[in-house]
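Colleague: Structure incoming, see below.
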Amino acid sequence: MPIRRHSLPSDLPPYVTREQVEERLQLIFPAGIPNRIYCTRQLSASTVFTMIYIGAVQGLNRYLGPIHVYRMTDDQAAKVSDSERVAYGEDIRKKSYVVPGNPWYADNTREPIRDETLREGLVNIGAVIARDDLPTTSSKPRYALLSDFAALFDPKLTDETLSAEISAYQARHLSRSALARVSLMQAGTVAGKSGVMVTFPNGETRRLAPGPSSIISKSVVEDFAQNFLQTPAVLWLSESGNKVVQRDDSLAASIGLQIAADKDLPDLILVDLGPTDPLIVFVEVVATDGPISDRRQTALYAMTDAAGFNRSQVAFVTAFQDREAPGFKKTMPALAWGSFAWFSSEPQNIVQFNDGRANKRFLIEFF
């Protein structure tokens, strides 16, 4: 549908500043949301602000293109009357139209606005809709905010009312899996001063020191082991500073594995006692650095080779908090081929780095 040339200004959403938009985006899309950076950074706030400014909201028959965002200026953003807002939205594409002040962004910012902020971010997560009646090559504006998403930026909403409206929006529009991921991320961001209590497969408990690594270790023992192993047991669990929290030498000896602490030993060693031939799983917890690399994999294979284990009985896992966590982004290039990556925020899923030699038994049994 064409953009109306004589839109009545009375249907514009309430004016809100870009700073207020940026603050609320952080609340609406908390850590754990896929591609969160594309939904919460300042470029995203500039985009949402401009959509509200010109009234590019579902049902109002007004739409935004990247040009509305990168040509916006502080001087224009300060013009708050409805007529000035509508004029900017409708006249921006005229070659003769001059926007007062300095543009927020260079013209070449159109690609990250379109491809990252909109397509991969706000459209992908369901906060923005795109017109489907335009050819993909059309330069006409095509994007609008979902009406109840736009309503979250009403400056009259504050405190408890705002929190309630955001929660209701998240329940309606974020997928169940995305909401679950958010909940896991939020639950895992802070550990109590007294530490992190871990419950082992045999029912015993141990308290780990506070910190992000301990939170991931807890998830490995309580979630990963239960999801991917038949009869799990913990042979070894250590914390930063080489403090050994759990060491089961008798169980290790019963399966023929001699554990000697050294610099290559990972944070956890799990064993699956369910199969006829036990499966040894070396797990390194990464909050910031130190994954299962090729060198460490080779060193750990030397330990299991010496104990007489077939390499099909050995698996290597690097555990992270989330796919968006800095630790994963930093260390992913160093992850060993034939190993796995697992994320505590998505405990049912696992990533394999397959070079054709990966542990096929592990894949057959659990995928």
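The values are calculated or read from the model by the stated rules, or taken from the named source; none is laboratory data. Note that this is a predicted model, so its numbers are computed, not measured. Neighbour counts are summed over all protein chains in view; Cβ atoms, including those assigned to glycine, are modelled from backbone coordinates with ideal geometry. Just the protein is used for accessible areas: all its heavy atoms, side chains included, with ligands, DNA and RNA removed. Shrake-Rupley method; radii C 1.70, N 1.55, O 1.52, S 1.80 Å.
Colleague: Inspect all residues belonging to the stretch 72-84 and state whether any of them is among the charged types (D, E, K, R), in contact with a Pro (Cβ under 9 Å, 6 or more places away or on another chain) and outside any helix (DSSP H, G or I).
Modeller: Yes.
Colleague: Another question, then. Sort out for me the strands (runs of 3 or more DSSP E) sitting completely within the stretch 244-330 that have 3 or more residues that are within 23 Å of Asn227 (Cα to Cα) and among the β-branched types (Val, Ile, Thr). Walk me through how you get there before you give the answer.
Modeller: On the way: elements: 268-272, 279-285, 314-320.
In the stretch 244-330, the matching strands (runs of 3 or more DSSP E) lie at 279-285, 314-320.
Colleague: Still on this structure, please answer the following. For the subset of the stretch 116-138 comprising residues that are of a type in the set (Gly, Ala, Ser) and closer than 23 Å to Leu174 by Cβ, which member is modelled with the lowest pLDDT? Walk me through how you get there before you give the answer.
Modeller: Restricting attention to the stretch 116-138, the residues satisfying the condition of being of a type in the set (Gly, Ala, Ser) are 121, 126-127, 130, 138.
Imposing the further condition that a residue be closer than 23 Å to Leu174 by Cβ reduces the set to 121, 126-127, 130.
Values: Gly121: 92, Gly126: 84, Ala127: 93, Ala130: 90.
Checking each candidate, the answer is Gly126.
Colleague: Let me ask you something else. Examine the stretch 42-55 for a residue that is out of contact with any Gly (no Cβ under 8 Å at 6 or more places or on another chain) and in a loop (DSSP other than H, G, I, E, B), and state whether such a residue exists.
Modeller: Within the stretch 42-55 (the criterion being out of contact with any Gly (no Cβ under 8 Å at 6 or more places or on another chain) and in a loop (DSSP other than H, G, I, E, B)), the answer is no, since none of the residues qualifies.
Colleague: Next question, about the same structure. Failed condition for Gly55, given (1) open to solvent by less than 80 Å² (accessible area, probe 1.4 Å); (2) free of Cβ contacts under 8 Å to residues at least 60 places away in the same chain; (3) in contact with a helix residue (DSSP H, G or I) (Cβ under 6 Å, 6 or more places away or on another chain), with all others met?
Modeller: (3)
So that you can scan it fast, the table gives a plain yes or no per residue for (1) modelled with pLDDT under 90; (2) at positive phi; (3) open to solvent by less than 30 Å² (accessible area, probe 1.4 Å):
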position: Phe149; (1), (2), (3): no, no, yes
position: Lys156; (1), (2), (3): no, no, no
position: Val190; (1), (2), (3): yes, no, no
position: Lys193; (1), (2), (3): yes, no, no
position: Phe200; (1), (2), (3): no, no, yes
position: Ile216; (1), (2), (3): no, no, yes
position: Phe224; (1), (2), (3): no, no, yes
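Colleague: Could you pull out the residue among Arg110, Arg114, Arg93, Arg119 that is of a type outside the set (A, V, I, L, M), out of contact with any Leu (no Cβ under 9 Å at 6 or more places or on another chain), outside any helix (DSSP H, G or I) and open to solvent by 60 Å² or more (accessible area, probe 1.4 Å)?
Modeller: Going through Arg110, Arg114, Arg93, Arg119 in turn, the sole match is Arg93.
Colleague: When you go through Ala336, Ala341 one by one, which is the residue that is aliphatic (A, V, I, L, M), modelled with pLDDT of 85 or more and in a loop (DSSP other than H, G, I, E, B)?
Modeller: Ala336
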